Amino acid sequence: MAVLTGRVHRFGDDVDTDLIIPARYLNTSDPVELARHAMEDADPAFASRVKPGDFVVAGKNFGCGSSREHAPLALKAAGVAGVIASSFARIFYRNALNIGLPIFEAPEAARALKEGEEVAVDPVAGRIRRLSTGEEFSATPFPEFMQALVAAGGLVPYVRRRLAERGGRA
Amino acid sequence: MSMTLTEKILAAHAGRERVSPGELVNARVDLALANDITAPVAIKAFREMGAERVFAPERVALVPDHFTPNRDIQSAEQAKLLRDFAREQNLPYYYEVGRMGIEHCLIPEEGLALPGELIVGADSHTCTYGALGAFATGVGSTDLAAAMALGELWLRVPETVKFVLHGRPRNRWVGGKDYILFLIGQVGVDGCRYQAMEFHGQAVAELPLDGRFTMANMAIEAGAKNGIFPPDEATLSYLAGRAKRPFAPVHPDPDAGYAAVYEYDVTDLEPQVAFPFSPANVRPVSAAGHVPVDQVVIGSCTNGRLSDLRMAAQVLQGRQVHPGVRCLVFPGTPRIYREALAEGIIETLVGAGAAVSTPTCGPCLGGHLGILAAGERAVSTTNRNFRGRMGHVTSEVYLAGPAVAAASAVAGHLVSPEEL
């Protein structure tokens with residue numbers, strides 16, 4: 001996976017799933033439609049400002065609240081290359097991995113990075129570089145099993161393989 | 001060998017002698033469930049996985065409760081996806097409007113969540129079933145698809161935090177909602193992130209099942225993976241004649257290892273209220289100040305059970321909803337609705353000027369049937385008061401138990417029933 005370069009969009013602590021994608025839009029699961037309303041109640045201009053490859057940077061407990069997978073789907077479809085936060089709520093964490101939205105638990109980066117600045121992120125090494133100064137931050141590595149899951153392309157191909165193995169045994 | 005209740009259930013479902021916090025295990029799933037918002041995404045992932053049949057039709061439940069009765073054409077299409085999938089897979093536990101209830105009220109009532117079981121649901125409040133001594137946790141749609149296809153799911157064994165509630169509340173209006181709001185106020189919205197909350201103590205032992213459901217329901221609001229109660233006589237009597245499967249109750253070892261132990265005495269606890277915009281922004285109702293109210297919501301997977309409606313009716317008996325307030329009531333299931341009818345509760349509520357709906361999640365998540373305009377305020381027995389949760393981004397939700405909600409409907413402002 002190549003190094004990703006984009007601008008920072010900053011949010012605070014405890015960004016909940018209703019801020020990421022309000023429930024009033026959950027009468028569809030079409031990612032393009034969801035992307036139009038990404039982060040709408042936190043920043044109504046977000047969907048029009050965000051450029052493909054940009055990063056969302058936030059404080060602790062990002063994605064708390066609902067289990068709606070529409071939340072990481074909306075961010076991904078809006079062009080967000082990844083989310084850097086001090087910590088993630090657990091269901092959002094799983095959902096992001098499962099649908100292939102890169103997430104980085106990196107408290108120092110989450111504190112330091114400023115709105116609008118450019119970062120380069122190596123998703124495999126978990127390294128986040130501030131382009132203006134070259135300063136580097138590291139993200140907590142994923143457990144081995146999850147690295148394998150990400151490398152396999154997420155949970156869907158993993159399950160497909162498990163089902164094929166079962167079929168082979170039968 | 002010593003394990004907490006959560007560790008024991010995870011070990012048993014992973015085919016292991018023991019498990020420790022932090023380990024990743026592949027665990028067998030006893031029940032997988034989804035609703036009309038999460039199932040469409042799960043069904044799509046299920047197909048992409050190349051799955052053709054669910055692992056066991058009697059272990060998959062689909063409950064279209066969020067945007068039903070269908071609120072618009074798109075919601076109708078989503079509900080139809082669910083219905084078609086349920087038919088294709090011959091799922092016995094699909095519930096059509098009329099028999100459908102709010103999933104976390106309905107599933108326990110149907111005897112589909114049992115002590116010692118492992119349940120995953122594509123809804124964050126799946127943790128409700130911990131009230132019965134089950135390990136139950138919310139997952140996303142792709143995880144749910146994996147569970148439907150394989151009958152198992154990878155899970156990280158959480159650390160367990162033990163909460164011991166001593167004493168018996170003097171205030172007759174204090175219940176499970178007040179306990180859990182108080183605890184969330186103490187630990188914060190990420191105070192138990194990735195952890196299991198295990199509840200103990202006299203106050204918990206004396207708490208009827210309805211109150212335990214309310215407490216387990218809101219474990220997610222402290223960031224927890226699950227909330228769980230050791231099963232007791234009350235659990236078994238709740239399940240008598242209901243349980244759809246045989247079950248074996250599991251109890252924590254007395255010397256199990258906990259990440260932390262919190263002890264509180266609830267003797268002098270007052271009714272609690274969570275102010276906008278966080279379930280942890282909690283204060284006693286006596287410290288609420290003057291908060292005018294436009295709407296009151298009584299219901300939801302948190303407080304839509306018979307004893308909740310009964311408590312609201314006790315407050316509203318002989319009183320009238322304030323002319324400036326819309327008071328909306330959502331019984332959790334058709335059975336609860338009928339029991340409330342038989343007991344005269346519905347008569348009291350409607351007679352007081354409340355509107356009673358068929359069971360649905362309704363306004364809890366800003367879906368339909370009670371959306372707030374800009375700047376409006378609601379006192380609600382639901383579980384979340386995030387910005388924009390029930391409507392306009394400048395509207396406000398104050399979370400409370402049914403007694404405070406009903407009292408506020410009468411007064412037109414946030415108030416304790418004792419002050420009416």
Global geometry of the stretch B:304-420, whether rounded, prolate or oblate, following the gyration tensor of its Cα atoms and the 1.5 cut on a/c: oblate
Nonlocal amide H pairs with residue B:33, under 5 Å, H built at 1.01 Å: B:61, B:120, B:121, B:122
Whether the stretch B:236-393 is rounded, prolate or oblate, judged on the alpha carbon gyration tensor where a/c under 1.5 counts as rounded: oblate
Backbone N under 18 Å from the residue A:147 label point (7 Å along Cα→Cβ), restricted to the stretch A:97-123: A:97-98, A:102-106, A:122-123
Debye, to nearest 20: dipole size of chain B, +1 on Lys, Arg Cβ, -1 on Asp, Glu Cβ: 480 debye
Carbon plus sulfur fraction of accessible area for the stretch B:272-419, probe 1.4 Å, in percent: 51 percent
Helix runs (DSSP H) in chain A reaching 15 Å along axis by Cα, Kyte-Doolittle at least -1.0: A:155-169
Euclidean distance between Cα centres, the stretch A:96-162 to the stretch B:250-270, Å: 37 Å
Mean Cα-pair separation over length for chain B, i.e. relative contact order, pairs under 8 Å, 6 or more apart, %: 17 percent
Accessible area per residue in Å² at 1.4 Å probe, computed on the stretch B:1-104: 40 Å²
FRET efficiency, residue A:122 to residue B:20 (Cβ-Cβ, R0 41 Å, nearest 0.05): 0.80
Mean residue ellipticity (222 nm) of chain B, computed from DSSP H runs ≥ 4 via -39,500 (n - 2.57), nearest 500: -8500 deg cm²/dmol
Separation of alpha-carbon centers, the stretch B:359-420 and the stretch B:24-68, rounded to whole Å: 31 Å
Residues losing 40 Å² or more accessible surface upon assembly, the stretch B:186-231, compared with the chain by itself, 1.4 Å: B:189, B:190, B:193, B:194
Rounded if a/c under 1.5, otherwise prolate or oblate - chain B, Cα gyration tensor axes: oblate
Theoretical FRET efficiency, 1/(1+(r/R0)^6), r = Cβ-Cβ of residue B:418 and residue B:358, R0 25 Å, to 0.05: 0.20
Buried on assembly, the stretch A:83-97 (at least 40 Å² less accessible surface than by itself, 1.4 Å probe): A:90, A:91, A:94
Among beta bridges that DSSP assigns inside the stretch B:272-419, antiparallel share in %, nearest 5: 25 percent
Sequence-distant residues sharing a close amide H with residue B:377 (under 5 Å, placed H): B:294, B:295, B:396
Computed [θ] at 222 nm, helices only, for chain A once each DSSP H run of length n ≥ 4 contributes -39500 (n - 2.57): -9000 deg cm²/dmol
Heavy-atom accessible area per residue - the stretch B:296-420, 1.4 Å, Å²: 31 Å²
Antiparallel content of DSSP bridges confined to chain A, in %, to 5: 50 percent
DSSP beta bridges in the stretch B:5-263 [antiparallel fraction, %, rounded to 5]: 15 percent
Accessible area buried, both sides summed, chains A and B with 1.4 Å probe, Å²: 3900 Å²
Long-range amide H partners of residue B:136 with built H, under 5 Å: B:119, B:130, B:227
Unit charges at the beta carbon, dipole of the protein assembly as shown: most positive-side option, A:28, B:333, A:121: A:28
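The values are calculated or read from the model by the stated rules, or taken from the named source; none is laboratory data. Keep in mind the model is a prediction, meaning the values are calculated, not measured. Note that each Cβ is placed from the backbone with ideal geometry, even for glycine, and that neighbours are counted across all protein chains shown. Keep in mind that these areas ignore ligands, DNA and RNA; they rest on the heavy atoms of the full protein, side chains included. Shrake-Rupley method; radii C 1.70, N 1.55, O 1.52, S 1.80 Å.
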